[in-house]
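See below for the structure under consideration.
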Amino acid sequence: MINSKLPKIFYGGDYNPDQWPKEIWDEDMRLFKLAGIDVATVAVFSWALLQPDEITFDFTWLDEVMDKMAQNGVYACLATSTAAVPAWMAKRYPDVLRVTSDGKQRKFGGRHNFCPSSPSYRHFSRLMARKMAERYGNHPALAVWHVNNEYGGSCYCNQCEKAFRVWLKKRYSTLDAVNKAWNTRFWGHTFHDWDEIVLPSALTEQLGDGKTTFQGISLDYNRFNSDALLECYQAEYEELKAATPHIMVTTNLMGTFKPLDYFKWAKSMDIVSWDNYPRYDTPVSVTAMRHDLMRGLKDGDPFMLMEQTPSQQNWQAYNSLKRPGVMRLWSYQAVARGADTVMFFQLRRSIGACEKYHGAVIEHAGHEHTRVFRECAQLGEELQRLGDTLLDSRLDSKVAILFDWDNWWAVEMSSGPSKELKYVDELMKYYKALFDRNIQVDLIGVDTPLESYKVVIAPLLYMMKPGYASKLEQYVQQGGRFMTTFFSGIVNENDLVTLGGYPGELRSLLGIWAEEIDALPPEASNDIVMTSSFGELEAGSTYGCRLLCDLIHSEGAEVMAEYGSDFYQGMPALTRNRFGQGEAWYVATSPNAEFMDRLLLRICQESGVVPLLHTPEGIEVTRRSKQGQQYTFVLNHTDRPVAIDLGDVVYKDLLNGEERAGVAELPAKDVWILENEAR
């Protein structure tokens, strides 16, 4: 439990007292109490202030802040301050500065401005973490460690190039293995010495828009870059845990952030935390999926909502205010999907630089008499009343969707078949169909056990990692239902095509052979025509499809639907293959939403997976469970009251103590947290 010092959902956010005169600090404490703030993330970008030169450390101001927080019942999510290098370090140790893809070395400035392979950066960041741990490890305010901040970016300097070669030697052992993995005989790229290998960049292989002429080397660079940044995190983690083994350590992730393999990162995190910043027009299902992904990184463990804005953001094209009730609603959406904290960036709004117009609990007005502060105080009071009721409760999902960063990178750096092919977009179509039906989903990695799931879906399973096809076969053999799609089973982990016909290692499980892949331009489409009835998908009914169409042949699979037009009219578009006690489905194209909804609903029904509640559009439902109690969250994302049929179960609403049953009306932008004993 991250909240062991204060058994409730932590409430607070990023606090930068070093940007303010001391006379403001006492006023901050007063306002924190009014708002119910009980945790503050401090010292995130304070390295230059805490270490003004190579040998001097000055923690005077932070000592005072930590003591003041402890005196006022505010716990510290204490950052190691290493997210941006100090100017003195960039001047004296230029190896800390990154080099861009086009070969230009950056100067001091910005953030994420360090080379992950820099010996100087690794030395000084590790030293800072050690100093922080030694000084504050036993401080009564310390609740959790926060390493760095929103890791990201890439570097193409000479030291990264050398580190890449070392990384390759560990992965492949021999140069012959590298040449084989990258298929370097193509375009005369064969390497005869390790020092001949250079980073894929704008000067070599990269083409822009994420494309590359050599997928193998670019895929490995993505892996290397993610690992290099992870090593920087791990170095600080080791220092913190050596001094404070009892304190949890985290770093804030960013949802579907493409450059870093978060499943790999999560193994080195005591608790996952992430920063949630949807746009004004981001569908709530997309935000829900990102929460589920963060929860899935550690097999369903609760996570920290480390950052969100109390109102508006500052870096997007249209930085709209959160309308009344939305901040509260979206905060509970995070809790509904596994968050055990609700935290903001920022607690007091900065007066200068690029984040001065980013929302805050305490606005530039500097007092509590604002709409945003009142809404934050209301939420703080509610979280106080909830106490520890929801802490460490979990979502019990019977449907899983596979999410794999290696696969994502490989799909989108491919030289074909369509520039419109986007991994997360296709995955989201399957997720949204289940979200709209209030069917809970876990986002899982390739290492996640499958036995607890009744349905496993792997959209665009382009890359087959070693042993995963066997894992899927065993899952289906024992009664599971598996579904995958077009452009699956094509390559191995090195992005080399598996010969013998698509979908490669999945061919036996799926009972099909894919001969060709047709890429449809944006203005073109085809139809899926049902040949057999399946739930609401009646025989003869037609549904639109687009993007890609696999031209497949059945090798034992039952043909459930065919294409309706073009030269492959009549060829299978949807198949089901009985395999052991289970079945494996193949969707050979990208169907419209109606088809997706009906197909997944029926598969779930046949698997014994039912919606948590049947609700109108715009209502989100999840359920957390703990010690025989169930907590059903019902969130109204619409601008109108909505009648919800709760059935014959009598619930207690934890937010106001009322009993609810039968048909009840949920106000606009409001939420219920309904408690009942598990049945």
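Since every read-out is calculated from the coordinates, none of them should be taken as a lab result. Predicted model only: the values in this text are computed from it and were never measured. Heads up, the Cβs are rebuilt from the backbone with ideal geometry, glycines too, and the neighbour counts pull from every protein chain shown.
With runs of 4+ DSSP H residues as the only contributors, calculate the mean residue ellipticity of the chain at 222 nm using -39,500 (n - 2.57) per run, divided by the residue total and rounded to the nearest 500.
So the calculated ellipticity at 222 nm is -9000 deg cm²/dmol.
Rounded if a/c is under 1.5, else prolate if a/b is larger than b/c, else oblate: which is the chain, with a ≥ b ≥ c the root eigenvalues of its Cα gyration tensor?
Oblate is the answer for the chain, as a/c is 1.5 or above yet b/c matches or exceeds a/b.
Could you tell me which residue out of 39, 9, 21 lies farthest along the dipole of the range 1-42 toward its positive end? Charges go on the beta carbon: Lys and Arg +1, Asp and Glu -1, centred on the Cα centre.
Checking the options against the dipole of the range 1-42, the answer is 9.
Taking the Cα centre of the range 619-677 as origin, sum charge times position over the Cβ atoms of Lys and Arg (+1) and Asp and Glu (-1), and report the length of that vector in debye to the nearest 20.
I would put it at about 240 debye.
For the pair residue 499 and residue 381, what calculated FRET efficiency results from E = 1/(1 + (r/R0)^6), where r is the Cβ-Cβ distance and R0 = 45 Å, to the nearest 0.05?
0.10
Over 21 Å between Cα atoms: which of 298/669; 104/169; 258/422 fall into that group?
298/669; 104/169
Scale the Cα Rg of the range 537-617 by the rule-of-thumb value 2.2 N^0.38 Å and send over the ratio, two decimals.
Expressed relative to 2.2 N^0.38 Å, the Cα Rg reads 1.20.
Starting from the 7 Å offset along Cα-to-Cβ, what nm value, one decimal, do you get for the label separation of residue 679 and residue 569?
Between residue 679 and residue 569, the simple spin-label model gives 5.1 nm.
Taking the mean number of other Cβ atoms within 10 Å as a proxy for protection, how do you rank 102-108, 397-403, 233-239 from highest to lowest?
Highest mean packing first, the order is 397-403, 233-239, 102-108.
Residues in the range 568-582, backbone N under 16 Å from the label point at residue 553 (7 Å along the Cα-to-beta-carbon vector): list them, ranges by number please.
Once the point is set 7 Å along Cα→Cβ of residue 553, 568-573 turn out to lie under 16 Å by backbone N, inside the range 568-582.
Tell me the net charge near residue 520. Cut-off is 11 Å between Cβ atoms, residue 520 excluded, with +1 for each Lys or Arg and -1 for each Asp or Glu.
Residues near residue 520 contribute -3 overall.
Can you compute the modelled spin-label distance between residue 6 and residue 202, with each label point 7 Å from Cα toward Cβ, in nm?
Those two pseudo-labels are separated by 4.6 nm.
With charges only on Cβ, +1 for K and R and -1 for D and E, what is the dipole size of the chain about its Cα centre, in debye, rounded to 20?
1200
Under a point-charge model restricted to the Cβ atoms of Lys and Arg (+1) and Asp and Glu (-1), what is the dipole moment magnitude of the range 399-606 relative to its Cα centre, in debye to the nearest 20?
440
Given the chain, what percent of its DSSP beta bridges are antiparallel, to the nearest 5?
If we restrict to bridges inside the chain, about 55 percent are antiparallel.
Could you tally the net charge around residue 396, taking each other residue with its Cβ under 11 Å from the Cβ of residue 396, Lys/Arg +1 and Asp/Glu -1?
Once all neighbours under 11 Å are counted, the net charge is +4.
Any idea which of 430, 86, 614 is furthest toward the positive side of the dipole for the chain, if Lys and Arg beta-carbons carry +1 and Asp and Glu beta-carbons -1?
Farthest along the dipole direction, towards plus: 86.
Hey, if you put +1 on the Cβ of every Lys and Arg and -1 on every Asp and Glu Cβ in the chain, which of 559, 273, 605 ends up farthest toward the positive end of that dipole?
Most positive-ward Cα: 273.
Under 8 Å for C-alpha pairs, at least 6 residues apart: give me the relative contact order for the range 158-220, rounded to a whole percent.
It rounds to 28 percent for the range 158-220.
State whether the range 442-543 is rounded, prolate or oblate according to the following rule on the C-alpha gyration tensor (a ≥ b ≥ c being the square roots of its eigenvalues): a/c under 1.5 gives rounded; otherwise a/b larger than b/c gives prolate, and the remaining case gives oblate.
Here the range 442-543 falls in the oblate category.
Just order 246-256, 317-327 by mean Cβ neighbour count inside 10 Å, highest at the front, would you?
Result, highest mean Cβ count within 10 Å first: 246-256, 317-327.
Tell me, in nm to one decimal, what length is gained between residue 195 and residue 465 on full extension, where the rule is 0.36 nm per residue of separation less the Cα-Cα distance?
Computed gain between residue 195 and residue 465 is 94.4 nm.
What shape does the range 399-606 take by its C-alpha gyration tensor, where a ≥ b ≥ c are the square roots of the eigenvalues and a/c under 1.5 counts as rounded, a/b above b/c as prolate, and the rest as oblate?
rounded
The range 464-515 to the range 198-266: how many Å between their Cα centroids?
If we compute the Cα centre of each part, the gap is 27 Å.
What is the local net charge at residue 292, summed over the other residues whose Cβ is closer than 9 Å to its Cβ (Lys, Arg +1; Asp, Glu -1)?
Net charge around residue 292: +2.
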